[in-house]
Amino acid sequence: MNDKRSRPSTLQDVLDAVAASPGGTTVADLARATDLDDDLVRLALHQLVLLGRLGSSTVELSCADGGCSSCPSSAGTCGTASPGSLVTLTLTRRDPGQG
């Protein structure tokens, strides 16, 4: 008989893997650590943010102050991709009485 309580939930697996990587990690690293698919890890991270277990902030990425000419990518590839952003997630503190 398969008892679902015999192993931690996917959300707890991902949360534990994040906690075990205090210096930072990637989705691919979390997928390897939890033996889950990258997309499932992304979904779990999103849910953990919605539940307030992880905090989320976005850092916008853009060209250097000197413009494209000061960037190492200016050798023919500058402007081929739009600047993006980096999303950082942090563990949130929970009171012992919270579930």
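The values are calculated or read from the model by the stated rules, or taken from the named source; none is laboratory data. Keep in mind it's a predicted model, so treat the numbers as computed, not measured. In this analysis, Cβ positions are derived from the backbone assuming ideal geometry, glycine residues included, and neighbour counts consider all displayed protein chains.
So for the stretch 73-82 (the condition being assigned to a helix (DSSP H, G or I), surrounded by 11 or more Cβ atoms within 10 Å (Cβ to Cβ), modelled with pLDDT under 95 and not β-branched (Val, Ile, Thr)), does at least one residue qualify? Walk me through how you get there before you give the answer.
Step one: list which residues in the stretch 73-82 are assigned to a helix (DSSP H, G or I), which gives 73-74.
With the extra rule that they be surrounded by 11 or more Cβ atoms within 10 Å (Cβ to Cβ), the set shrinks to 73-74.
Those left that are additionally modelled with pLDDT under 95: 73-74.
Then drop every residue that is not not β-branched (Val, Ile, Thr), which leaves 73-74.
Within the stretch 73-82 (the criterion being assigned to a helix (DSSP H, G or I), surrounded by 11 or more Cβ atoms within 10 Å (Cβ to Cβ), modelled with pLDDT under 95 and not β-branched (Val, Ile, Thr)), the answer is yes, since at least one residue qualifies.
If I ask for residues that are loosely packed, with under 15 Cβ neighbours inside 10 Å and in a helix (DSSP H, G or I), which ones from the stretch 6-26 would you list? Show your work before the answer.
Taking the stretch 6-26 and keeping what is loosely packed, with under 15 Cβ neighbours inside 10 Å, we get 6-9, 12, 16, 19-24, 26.
Result: 6, 12, 16, 19.
Go through the residues of the stretch 53-62 one by one and say whether even a single one is among the hydrophobic types (A, V, I, L, M, F, W, C) and at pLDDT below 60.
Let us first name the residues in the stretch 53-62 that are among the hydrophobic types (A, V, I, L, M, F, W, C), namely 54, 59, 61.
Next, only the ones that are at pLDDT below 60 stay: none.
No, the stretch 53-62 has no match at all.
Looking at the stretch 27-57 only, could you name the residues that are hydrophobic (A, V, I, L, M, F, W, C) and not in a helix (DSSP H, G or I)? Quick ask: steps written out before the conclusion?
Keep residues of the stretch 27-57 that are hydrophobic (A, V, I, L, M, F, W, C), which gives 27-28, 30-31, 33, 36, 40-41, 43-45, 48-51, 54.
Once the filter is applied, which keeps residues that are hydrophobic (A, V, I, L, M, F, W, C) and not in a helix (DSSP H, G or I), the stretch 27-57 yields 36, 51, 54.
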